[in-house]
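Everything on this sheet refers to the single structure shown next.
The values are calculated or read from the model by the stated rules, or taken from the named source; none is laboratory data. Note that the structure is a prediction, hence the values are computed from the model and not measured. All Cβ positions, glycine included, derive from the backbone under ideal geometry; neighbour counts span all protein chains shown. Accessible surface areas use protein heavy atoms only, side chains included; no ligands, DNA or RNA. Shrake-Rupley method; radii C 1.70, N 1.55, O 1.52, S 1.80 Å.
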Amino acid sequence: MSEAEKFDAIVVGAGPAGSAAAHTMAKAGLGVVLLERGDYPGAKNVMGGVMYGRMLADVIPDFMTHAPIERVIVEERLWIATDDSAVSIGHKTANSHGEIPNAFTVLRAPFDRWFASKAEEAGALLVTGTVVEDVILDNGRVAGVRTGRADGDLLADVVVICDGVHSFLAKRAGLQQREIEPHEVALAVKEIIALPKETIQERFNVSEGEGATIEIYGTVTQGMGGYAFIYTNRESLSVGAGALMSHFMKTKITPYALLERVKQHPLVRPLIAGGQVVEYLAHAIPEGGYKAMPKLYTDGALIAGDAAMMVNGLHREGSNLAITAGRLAAETVIEAKAKGDFSAQSLSAYREKLQHSFVLKDLQKYQHLPEFIDRHSDLLGIYPDLVNHAVHEMLTVDGMSKREKQKKIWRDLTARRSLWQLLKDGYQTWKVIR
Ligand SMILES: Cc1cc2nc3c(=O)[nH]c(=O)nc-3n(C[C@H](O)[C@H](O)[C@H](O)COP(=O)(O)OP(=O)(O)OC[C@H]3O[C@@H](n4cnc5c(N)ncnc54)[C@H](O)[C@@H]3O)c2cc1C
């Protein structure tokens, strides 16, 4: 790179948001450089592992023929668990995928590498092992970035910031004015546990190429706001757990101890038995939602993905918001290029595009949820217990009539939680997820 080389667009970060943005702009003929601090894209990236087909197909329609997919998800289960039991709710389909599957698992190292290579094939210049240290400002407008390389200043009409959670560049570009609060970020840990594919298929009752997911809510998070997960890969399981940083601070539980407890759960242990831990990973997840989002555009810059708090934690969605936001940011830049106008006003079309998509609609829908979980994580201990007790009681055939059982369940329920409290919990929960 020569000093102060000029591009149409600089994209910072080759995660899902950055590669989607770079691919879309390069395909439209723009001169794009994609900068990644890792030695290769995905080297430092972590996720549970479920990606969504529709949003990836919007960028790479034929991805199914060449993307490094682990397993197509045919069954999703939700466990409402106590320490020794779970009420399981789930959905399984025999028709999981037409051409584009709804969801599939990936391992980020191969996936991110592949996605960035598609941006390269479309014409973007991928530069790895390069940390962006600052934005370059020209009369208050973002005009480029300063990298850690010796000849490292790069200029562009637009910088698309996709540097993930705790975005340093969002602050430097003036998009984020404050620090992220501990209740606005979760810390998640995960292990990749190797198992033979036949064992995975037998334990999860799936066929070759098919996979299952289990999300576990309840006492496993020990009163903290969060959940655990088990996702099937081809020859491994991704087993993880996460909770709000504010709750880790309050309880003094360590993320490692949290995951160990999940792995020791009597319903989890048989699923992972005999497995070999091949990787241990930890990463933050931005959970602050709509209210914690930074400004999304300024003169000469846009921000997408985790860097912009675009995560829908309740639905385990982040990668899809990142890919869609990256694509929409790119489409905004392509239009700005046609007008020759990269001012904040011109780039404000990005926010409108997001507003018309599921991204902002969903984040707005759940905008009160992060505070609610921060304040009411005790419900994740109380209700799983009550629900498991009620179902267990109802399913136990012990000679008591069903009407008697109903009465007993109600008595037990109201002894633990008054009617007034039950109504209040129900109303408050409904208010934040309606
Ligand atoms: C444990 C865990 C489980 C998750 N599970 C799921 C799931 O199952 N499904 C789902 O959809 N989402 C999940 N998520 C969320 C999902 O991973 C993110 O929402 C998604 O990765 C966001 O993509 P991104 O491109 O915005 O950011 P990232 O994937 O974080 O990518 C940012 C990139 O920028 C690079 N970078 C950062 N700073 C710089 C710099 N200064 N210079 C150069 N490069 C830089 C990083 O190295 C990285 O490659 C999970 C997250 C975690 C942590």
query = Of 347, 369, 363, which residue is over 18 Å from the mean Cα position of the chain (by Cα) and crowded, with 16+ Cβ neighbours inside 10 Å?
reply = 347
ask   = Would it be correct to say that residue 57 is modelled with pLDDT of 95 or more and surrounded by 24 or more Cβ atoms within 10 Å (Cβ to Cβ)?
value = no
ask   = Inside segment 203-232, can you point out the residues that are among the β-branched types (Val, Ile, Thr) and part of a strand (DSSP E or B)?
value = 213, 214, 216, 230, 232
Conditions (1) within 14 Å of the ligand (Cβ to nearest atom); (2) under 30 Å from residue 381 (Cβ atoms): number failed by residue 13 = (2)
Strands (runs of 3 or more DSSP E) lying entirely in segment 103-202 (those with 1 or more residues that are closer than 30 Å to residue 336 by Cβ, over 25 Å from the mean Cα position of the chain (by Cα) and not β-branched (Val, Ile, Thr)) = 125-127, 132-138, 141-147, 153-161
inquiry  = I need a count of the residues in segment 110-141 that are acidic (Asp, Glu) and open to solvent by 50 Å² or more (accessible area, probe 1.4 Å).
reply    = 4
ask   = Do we find a residue being closer than 30 Å to residue 263 by Cβ, within 16 Å of the ligand (Cβ to nearest atom) and buried (at least 17 other Cβ atoms within 10 Å of the Cβ) anywhere in segment 153-172?
value = yes
request  = Considering only residues that are buried (at least 20 other Cβ atoms within 10 Å of the Cβ) and over 19 Å from residue 13 (Cα atoms), look in segment 289-311 and name the one that is farthest from the ligand (Cβ to nearest atom).
outcome  = 299
task = List the helices (runs of 4 or more DSSP H) that sit entirely inside segment 233-333 and contain at least 1 residues that are polar (S, T, N, Q) and either more than 30 Å from residue 26 (Cβ to Cβ) or at pLDDT below 95 (or both).
result = 245-251, 255-264
remark   = When segment 417-434 is checked residue by residue, the ones that are in a helix (DSSP H, G or I) and surrounded by fewer than 14 Cβ atoms within 10 Å (Cβ to Cβ) are 419, 420, 421, 423, 424, 426, 427, 430, 431, 433
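Within segment 309-316, identify whether any single residue is under 16 Å from residue 353 (Cβ atoms), of a type outside the set (Gly, Ala, Ser) and assigned by TED's automatic domain parsing to the domain that holds residue 61, and answer yes or no.
Yes: segment 309-316 contains one or more residues that are under 16 Å from residue 353 (Cβ atoms), of a type outside the set (Gly, Ala, Ser) and assigned by TED's automatic domain parsing to the domain that holds residue 61.
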query = If only one of 412, 362 is closer than 29 Å to residue 223 by Cα and touching a helix residue (DSSP H, G or I) at 6+ places or on another chain (Cβ under 7 Å), which one is it?
reply = 412
inquiry  = Taking the conditions exactly as written (within 15 Å of the ligand (Cβ to nearest atom) and modelled with pLDDT of 95 or more), does residue 43 satisfy them or not?
reply    = no
note = Filter segment 312-341 for residues that are aliphatic (A, V, I, L, M) and under 14 Å from residue 161 (Cα atoms); the one that is surrounded by the most Cβ atoms within 10 Å (Cβ to Cβ) is 329
key: Top-ranked residue in segment 18-40 [being open to solvent by 10 Å² or more (accessible area, probe 1.4 Å) and within 11 Å of the ligand (Cβ to nearest atom); ranked as farthest from residue 111 (Cα to Cα)]   = 37
ask   = Across segment 120-158, what is the number of residues that are more than 19 Å from residue 25 (Cβ to Cβ) and in contact with a Lys or Arg (Cβ under 8 Å, 6 or more places away or on another chain)?
value = 7
message = Could you tell me how many of the residues in segment 379-391 are under 12 Å from residue 84 (Cα atoms) and either of a type in the set (D, E, K, R) or out of contact with any Leu (no Cβ under 9 Å at 6 or more places or on another chain) (or both)?
response = 3
inquiry  = I need the full set of residues from segment 217-266 which are touching an Asp or Glu at 6+ places or on another chain (Cβ under 7 Å) and over 18 Å from residue 192 (Cβ atoms), in order please.
reply    = 219, 223, 225, 227, 244, 246, 266
